[in-house]
Amino acid sequence: MMAEYSAFSLLANALKGNKDWKPAWRKPDPKASYDVIIIGGGGHGLATAYYLAKEHGITNVAVLEKGWLGSGNVGRNTTAVRSNYLLPANTRFYEHSMKLWEGLSHELNYNVMFSQRGCLNLAHTPAQFDDYARRGNAMRHLGVDAELMTPAEIKRLVPALDISSDARFPVVGGLMQRRAGTARHDAVAWGYARGADRRGVDIIENCEVTGFLRDGDRITGVTTSRGDIRAKKVAIAVAGSTGRVMQLAGIETMPIESHVLQAFVTESLKPFIDTVVTFGMGHFYMSQSDKGGLVYGGDIDGYNSYAQRGNLPIVDEVMSEMLALFPGLARVRMLRSWGGVCDMSMDGSPIITAGPLPGMYLNCGWCYGGFKATPASGWCFAWTIAKDEPHDFNAPFTLDRFHRGLVIDDKGQGANPRLH
Amino acid sequence: MLITCPYCGPRDVIEFTYQGDGNRERPDPASQNFEAWNAYVYDRLNPAGDHNEIWQHSGGCRTHLRVVRNTLTHEISSVAFVRGDHASGARRKAEDRS
């Protein structure tokens, strides 16, 4: 019997010194073959396995993870969840994700600590405020909540924010999505892993894919550090490692660049902000974790990188932006910083599709917005794998859209991944 | 990360602007080969290891540089003027991408 959590089991185990907890998922050896192999044991891969088993009854599934479960971006992000996009394809997809988030702890019997504390985008010029009004209207048109806020309302919500007229970039208003918020990122990976495992999915850690088994063009399995494994369908959900894995399949170029994104956390403070705040004049976003640390980040470093660490210029820039908004944080100490590798696509939107080779399914291009997409990404990818065709939610997110002129460029930045 | 500009010497990365993948071959401006243009605009090699890329020393001498940098370690193994490519007619070919 695997670990089941309830108020009673927590109390009973506490009284017994927490010595009798069972592992939340098995540690199986790989079988010789599966119906579906999912490469990548991060949030998206685990969610895909969960929904394959739960929604489509496909349980003869292996998730292959080269490190330990959740060691990649699902454990490295800044935990924000939102669906405040401009373009309909993105809005519909991320709103589907938001609705899955709203029921996720109950669905998984695992507390992912989803907290709808809101996400506030600050506007610093009248033109930017107009742009937010346009985006807010586009969101409401598709049934997503959005509201414009005045500086006085913002000051009541976030008292620590410098909204004075002599601030470096005075705040003229903001766009608020109340249903947005944060979630405990590790718990999302663990919850999906346990849910998938319980339905029969084999989660195989420390199993690195080293190549693909092929029959002509068709992918028939993978070679791994733990032997060859055959499968009818091989699904790839490896985020920043997409380029490397696709090259193993002989696909040299992709509409993807891998970039490093840094994130930071301060020492624990008393309650300071109870929402997610984003800066409109640079790139900065911050929330406060339940432990009290301020969790924040900014831009990617801006050059191709597979190193899970960045350089100092971005550290300097992020700190400067934080102090421009919150001068009162000047003496707070930064506790930790880290980096994750992001699969930056050419239009800032993801790819969830069957192909490009027969027997292969591809999920990538999350830029640095992959965490909030986790439930819908897994849900749509599972649908695509099970039915060999996309759901309406992910039909626009094809791989060939770039060559067909069907890009989904929410920010209008063009094919320059470091700007998305 | 320091980039050693052949003109200015070693300088902090903050002085440079990243211009991206240096492996791409821009089609002739008069070309109507849409596939070649699409590939030029959207497709990237994105290697884990040595990457041939273009940087501009925008905070210095403003020249464009062809840099070979390891994307796993950020170690830079060579820096040269991009304009040298044209002088010698040596645009990057597929076989020397590795």
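The values are calculated or read from the model by the stated rules, or taken from the named source; none is laboratory data. This is a predicted model, so every value here is computed, not measured. Counting neighbours? That spans all protein chains shown, and the Cβs are built from the backbone with ideal geometry, glycine included. In case anyone asks, the SASA skips ligands and DNA or RNA and just uses the protein heavy atoms, side chains included. Shrake-Rupley method; radii C 1.70, N 1.55, O 1.52, S 1.80 Å.
Full extension of the chain between A:ASP316 and A:LYS411 gives 31.7 nm of extra length, using 0.36 nm per residue less the Cα-Cα distance.
Above 27 Å lies some portion of the pair distances; for chain A, what is it as a whole percent of all C-alpha pairs?
Here the tail beyond 27 Å accounts for 51 percent of pairs.
May I ask you to work out the translational diffusion coefficient for the range A:156-293 at 20 °C, viscosity 1.002 mPa s, via Stokes-Einstein with Rh from the Kirkwood sum over Cα pairs, reported in whole µm²/s?
My calculation gives 107 µm²/s for D.
Peptide A:254-264 has a mean of 3 when you count, residue by residue, the C-beta atoms of other protein chains within 10 Å of its C-beta. Here the dipole of the range A:308-420 is about 460 debye; that uses its Cα centre as origin and unit charges on the Cβ of Lys and Arg (positive) and Asp and Glu (negative).
So what is the diffusion coefficient of the range A:370-420 in µm² per second by Stokes-Einstein at 4 °C and 1.567 mPa s, using a Kirkwood Rh over Cα pairs? The diffusion coefficient I find is 104 µm²/s. For the range A:129-269, with all protein chains in place and a probe radius of 1.4 Å, 47% of the accessible heavy-atom surface sits on carbon or sulfur.
Partner shielding of A:307-313 amounts to 4, given as the average count of beta-carbon atoms from other chains within 10 Å of each residue beta-carbon. Under 5 Å from the amide H of A:PHE114 lie the amide H atoms of A:ARG184, each residue being 5 or more positions distant or on a separate chain, with H modelled from the backbone and absent for Pro and chain starts. For the range A:313-330, putting each phi into the Karplus relation 6.51 cos²θ - 1.76 cosθ + 1.60 with θ = phi - 60° gives couplings of x, 6, 4, 4, 5, 5, 5, 4, 5, 4, 6, 5, 8, 10, x, x, 8, 4 Hz, in residue order, rounded to whole numbers and with x for Gly and Pro. Ordering A:390-402, B:67-79 by mean Cβ neighbour count within 10 Å, with the highest value first, yields A:390-402, B:67-79. Output the 0 to 90 degree angle, nearest 10, between the alpha-carbon long axis of helix A:370-387 and the longest principal axis computed from the alpha carbons of chain A. In chain A, helix A:370-387 runs at an angle near 30 degrees to the longest axis.
Across peptide A:341-349, the mean count of Cβ atoms from other chains lying within 10 Å of each residue's own Cβ comes to 1. Over the residues of chain A, the helix contribution to mean residue ellipticity at 222 nm works out to -9000 deg cm²/dmol, using -39500 (n - 2.57) for each DSSP H run of at least 4. An ellipsoid equivalent to the range A:57-208, defined through the eigenvalues of its Cα gyration tensor, has semi-axes of 37, 17, 14 Å when rounded to whole angstrom and sorted largest first.
Report the Cα centroid-to-centroid distance between the range A:300-342 and the range A:193-236 in angstrom, as an integer. The range A:300-342 and the range A:193-236 have Cα centres spaced 36 Å from each other.
Within the protein assembly as shown, DSSP assigns beta bridges of which about 80% are antiparallel (rounded to the nearest 5).
Surface composition of the range A:278-420: carbon plus sulfur atoms hold 51% of the accessible area, using a 1.4 angstrom probe and ignoring ligands, DNA and RNA. Taking the chain by itself as reference, the range B:36-67 contains these residues with an accessible-area loss of 50 Å² or more in the full protein complex (1.4 Å probe, heavy atoms): B:TYR42, B:ASP43, B:ARG44, B:LEU45, B:ASN46. Sorting A:15-26, A:135-146 by their mean Cβ neighbour count within 10 Å, with the most densely packed peptide first, gives A:135-146, A:15-26. Taken about its Cα centre, the protein assembly as shown carries a charge dipole of about 920 debye when Lys and Arg each add +1 at the Cβ and Asp and Glu each add -1 at the Cβ. The A-B contact accounts for roughly 2300 square angstrom of buried accessible surface, both chains included, probe 1.4 angstrom.
Each Lys and Arg contributes +1 and each Asp and Glu -1, all at the Cβ; summed about the Cα centre of the range A:148-257, the dipole is approximately 520 debye.
Under the Kirkwood approximation applied to all pairs of distinct alpha-carbon atoms, what is the hydrodynamic radius of the range A:291-389 in Å?
Values: mean 1/r = 0.0613 Å⁻¹.
16.3 Å is the Kirkwood radius here.
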